[in-house]
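The values are calculated or read from the model by the stated rules, or taken from the named source; none is laboratory data. All figures in this text were calculated on a predicted structure; none of them were measured in a lab. Here the Cβ positions follow ideal geometry from the backbone for every residue, glycine too, while neighbour counts run over all protein chains shown. Accessible surface areas use protein heavy atoms only, side chains included; no ligands, DNA or RNA. Shrake-Rupley method; radii C 1.70, N 1.55, O 1.52, S 1.80 Å.
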There are 2 protein chains.
Amino acid sequence: MTKLAVIALGGNALLRGDQAGTIEEQEQNTTDTLENLVFLLEDGYNIVITHGNGPQVGNILMRNDAGEEKFGIPQMPLDICVADSQGGIGYMIERMLHNVLKRHNIRRDVVTLVTMVQVDKDDKAFANPTKRVGKTCTREEADKLTREKGWEFREEVKVKDGWRRVVPSPEPISIMNENVVKAMADSGTIVIAAGGGGVPVYFDENNNVRPAEAVVDKDLAGSLLAARIGADEFYILTDVPYVYLNFNRPGQKPVEFLDKSDTVRYLSAGMFAEGSMAPKIRACLQFIEMGGQKSVITEAFKLADKKYGTKITMEYEN
Amino acid sequence: MTKLAVIALGGNALLRGDQAGTIEEQEQNTTDTLENLVFLLEDGYNIVITHGNGPQVGNILMRNDAGEEKFGIPQMPLDICVADSQGGIGYMIERMLHNVLKRHNIRRDVVTLVTMVQVDKDDKAFANPTKRVGKTCTREEADKLTREKGWEFREEVKVKDGWRRVVPSPEPISIMNENVVKAMADSGTIVIAAGGGGVPVYFDENNNVRPAEAVVDKDLAGSLLAARIGADEFYILTDVPYVYLNFNRPGQKPVEFLDKSDTVRYLSAGMFAEGSMAPKIRACLQFIEMGGQKSVITEAFKLADKKYGTKITMEYEN
């Protein structure tokens, strides 16, 4: 049986925090990351790729702001900015992947789908926006934007008089066009989808699709997509080769295998950092709870080396 | 036999020149335009939608400029900007179309593909850039950008000391993933593809896919796509209900039917304006020469009314 894997590329896999963000940097990082997926294809896997968009959509939002100020161009809402980032990043991944496949003499179609993700308009996240987006403002600028656009702001911890817009991060409840993704992936086409967690939308009382001014966690969206298309394996590529218990704290310890019950226990005990590894672990857990065989969290450049990576499964293998 | 139609939405169908460009305006125009495609679906057609991106990618380029100036964010090259616009516009069309279909109780999947279009790197257009993009500069700014980035500029006719970047507009020679578009469209899925003429790319001497700093005419890309996927009909929706001979000149006359030989003859005689109707007519001609049955140029809001529109066919019907 051909196996199906969904691979979530983290922000670092495309653009590192210590880089300026030029297209040359992004193309090189992307190529380096994609080289590590080749072994899956050589093993006969079908694959779906999803990706983050944090640095890119951050830049798009800042450019929106600057464009309005300098030229009076109306700003686009967050949903359009996320969709823009899916277009630009998806195209970049697709093009670099063509060239990687060519180098390895692998023939596969590669397709990028702009993807909406359905959220629940009553998700409790809407009452408590937590995800910071866009530029850092002064209090005065923030107050003005709150009056004009109804945006919410939170103070930055490390910046004096620094405020940033916060938006809700609701849970994804379905991936639009998942049947299309599945059919294409099962036929061997490499599908790039649900970038940046997807464009969050909800169905209103008339069943119309409306945009939610929110962002969805890309690992949760990827995990949901993986489960719904019947993937066997779900990979999260990040900047560490293992999940660690007590990361950056006394007793730090890498973990190679986790079963469901240990994963739940460690999560409850707060042994994974919120805002960092904990959401990735929850995404992995969601995947195996929905029937997936194995979730793996690893460093992009260590993916092909199976001694690295934390493997999360329902039961420990013997 | 189910018929397959490709519909190219012009810039005006999404955003009119007299509008500021807010998202509300774009969503309303898009919905109004899409309502006119419903009769095709009710007649059982399969459809593929392509669209322009002129105003949107213009705004993205200006925001890039303003974002670099205000925040030091590196500018993205033209290929990424076009791909961004495919994401944002494609998502908007897809979402509005969902709601239009819902209103008419039509069940179809709608999918947006980010699309590359192959051009010939030796296309003579590269030696003669003609397509104006981005903001209007002074001579001094233009000279600086030419030194720094190698961009070419042309003087604006109606603006004092106004210069704009010009990029090549090469001919599309193939649409990447046309087989995927065909398979999906033939199965009844509505596919949005090749937006903004597609992201132009070429194959280098090692067969790697490289971006071309260029833009492809969206009607030519749409017509090529239509022919290659075996569409029966190709529609260009614009802001006039007919093609006119001698438009805005003495002897102006609407034309309801054109066969190939008259079309070629009128084109040669310069009876259609270059930079306006002539490229649309060439796109229509390309479609019927490649085996399509009928090309139609009409106003978006007159599409359902068959007494409007200029129909171009190989031979006049009896």
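Some notes on this structure:
- Which listed residue, of B:E317, B:E299, B:E289, is open to solvent by 10 Å² or more (accessible area, probe 1.4 Å), out of contact with any strand residue (DSSP E or B) (no Cβ under 6 Å at 6 or more places or on another chain) and within 30 Å of B:L78 (Cα to Cα): B:E299
- Selection status of A:P254, farther than 23 Å from A:N29 by Cβ, more than 18 Å from the chain's Cα centre (by Cα) and not in a loop (DSSP other than H, G, I, E, B): yes
- Of all residues making up the stretch B:194-220, the number that are within 14 Å of chain A (Cβ to nearest Cβ) and not in a loop (DSSP other than H, G, I, E, B): 11
- Residue in the stretch B:234-243 that is under 17 Å from B:A273 (Cα atoms), in a loop (DSSP other than H, G, I, E, B), open to solvent by 60 Å² or more (accessible area, probe 1.4 Å) and modelled with pLDDT under 95 present: yes
- Taking the criterion of being in a loop (DSSP other than H, G, I, E, B) and either of a type in the set (G, A, S) or open to solvent by 40 Å² or more (accessible area, probe 1.4 Å) (or both), the only residue of the stretch A:23-43 that qualifies is A:D43.
- A:E274 being in a loop (DSSP other than H, G, I, E, B) and more than 25 Å from A:R16 (Cβ to Cβ): no
- Any hit, the stretch B:221-230, residues being part of a strand (DSSP E or B), modelled with pLDDT of 95 or more and farther than 23 Å from B:N12 by Cβ: no
- Residue pairs whose Cβ atoms lie under 8 Å apart, separated by 6 or more positions or on different chains, with the first residue in the stretch B:130-143 and within 14 Å of chain A (Cβ to nearest Cβ) and the second open to solvent by 60 Å² or more (accessible area, probe 1.4 Å), are B:K135/A:F71; B:T136/B:V159.
- Of all the residues in the stretch B:177-191, those that are more than 8 Å from chain A (Cβ to nearest Cβ) and either of a type in the set (G, A, S) or touching a Ser or Thr at 6+ places or on another chain (Cβ under 7 Å) (or both) number 4.
- With respect to the conditions (1) among the β-branched types (V, I, T); (2) more than 26 Å from A:T115 (Cα to Cα); (3) assigned to a strand (DSSP E or B), A:V159 falls short on a single one, namely (3).
- Of all residues in the stretch A:84-98, those satisfying the criterion of being within 7 Å of chain B (Cβ to nearest Cβ) and open to solvent by 10 Å² or more (accessible area, probe 1.4 Å) are A:D84, A:H98.
- Here B:F257 does not qualify as away from chain A (no Cβ under 14 Å) and either open to solvent by less than 60 Å² (accessible area, probe 1.4 Å) or modelled with pLDDT under 95 (or both).
- Scanning the stretch B:44-53 for residues that are open to solvent by 10 Å² or more (accessible area, probe 1.4 Å) and at pLDDT 95 or above gives B:G44, B:Y45, B:N46.
- Residues in the stretch A:54-83 that are of a type outside the set (A, V, I, L, M), open to solvent by less than 10 Å² (accessible area, probe 1.4 Å) and either more than 30 Å from A:A185 (Cα to Cα) or not in a helix (DSSP H, G or I) (or both): A:N64, A:G67.
- Residues in the stretch B:100-115 that are within 7 Å of another protein chain (Cβ to nearest Cβ) and either within 17 Å of A:G88 (Cβ to Cβ) or open to solvent by less than 10 Å² (accessible area, probe 1.4 Å) (or both): B:V111, B:T112, B:L113, B:V114.
- Failed item, numbered, when B:G11 is tested on (1) farther than 27 Å from A:E68 by Cα; (2) touching a His at 6+ places or on another chain (Cβ under 9 Å): (1)
- When the stretch A:118-130 is filtered for residues that are closer than 22 Å to A:G195 by Cβ and surrounded by fewer than 18 Cβ atoms within 10 Å (Cβ to Cβ), the ones remaining, listed by number, are A:D120, A:T130.
- Residues in the stretch B:25-56 that are among the β-branched types (V, I, T) and out of contact with any Gly (no Cβ under 6 Å at 6 or more places or on another chain): B:T30, B:T31, B:T33, B:V38, B:I47, B:V48, B:I49.
- Only one of the listed residues (A:L220, A:L245) is free of Cβ contacts under 8 Å to residues at least 40 places away in the same chain and either farther than 23 Å from B:V114 by Cβ or within 16 Å of the chain's Cα centre (by Cα) (or both). That residue is A:L245.
- Subset of the stretch A:197-209 (residues that are in contact (Cβ under 8 Å) with a residue 60 or more places away in the chain and open to solvent by 10 Å² or more (accessible area, probe 1.4 Å)): A:Y202, A:F203, A:D204
- Scanning the stretch A:24-42 turns up no residue that is at the interface with another protein chain (Cβ under 10 Å from one of its Cβ atoms), among the β-branched types (V, I, T) and under 20 Å from the mean Cα position of the chain (by Cα).
- Positions within the stretch B:146-195 being under 23 Å from the mean Cα position of the chain (by Cα) and free of Cβ contacts under 8 Å to residues at least 12 places away in the same chain, in sequence order: B:N179, B:A183
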